[in-house]
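The values are calculated or read from the model by the stated rules, or taken from the named source; none is laboratory data. Bear in mind that the values here come from a model prediction, so they are computed numbers and not experimental data. No Cβ is skipped: glycine too gets one built from the backbone with ideal geometry, and neighbour counts run over all protein chains shown. All accessible areas refer to the heavy atoms of the entire protein, side chains included, with ligands and DNA or RNA removed. Shrake-Rupley method; radii C 1.70, N 1.55, O 1.52, S 1.80 Å.
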Amino acid sequence: METIPEKLFDGCPKLKNILLQDTVKHIGHRAFANTPIDSINFPEGILSIGSYAFTRTALTSIQFPDTITSVGNDAFSSVPLETATLGSSLSSVGQRAFAWTQLRELVVASYANRSWA
């Protein structure tokens, strides 16, 4: 599967951990929103995360590989996120992508081009 479709797991009350295969390139709008997910790996090769994809989950830490180029609006909003590492290819970050989180540590790679709303 190359794309996790929009709203595929939105609201699944028992979904806790996600292990994405290397073939996944895109995570759709609200794909995992409103779930108790507290762990996810983003594989090398993933390119984009859609709007609201992880809003209202239980993630406390994320690490993007260098292949991710865009993160949609509110992708991680209202999440108890404490640490985030953003990859070097990230060039577009949507509005409120990390709003209403608990971020304490943010590692941002050097960027040649960026368009952060």
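Below is a table of values for the structure above.
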{"quantity": "Förster-model FRET efficiency, 25 Å R0, residue 58 and residue 2, C-beta, rounded to 0.05", "calculated": "0.40"}
{"quantity": "Volume per residue that the Cα convex hull of the chain spans, once the total is divided by residue count, Å³", "calculated": "78 Å³"}
{"quantity": "Within region 1-45, GluC sites (Glu not before Pro) in DSSP loop having at most 13 other beta-carbon neighbours inside 10 Å", "calculated": "2, 44"}
{"quantity": "Probe 1.4 Å, accessible area per residue of the chain, Å²", "calculated": "52 Å²"}
{"quantity": "Accessible area of the chain belonging to carbon and sulfur atoms, whole % at 1.4 Å probe", "calculated": "47 percent"}
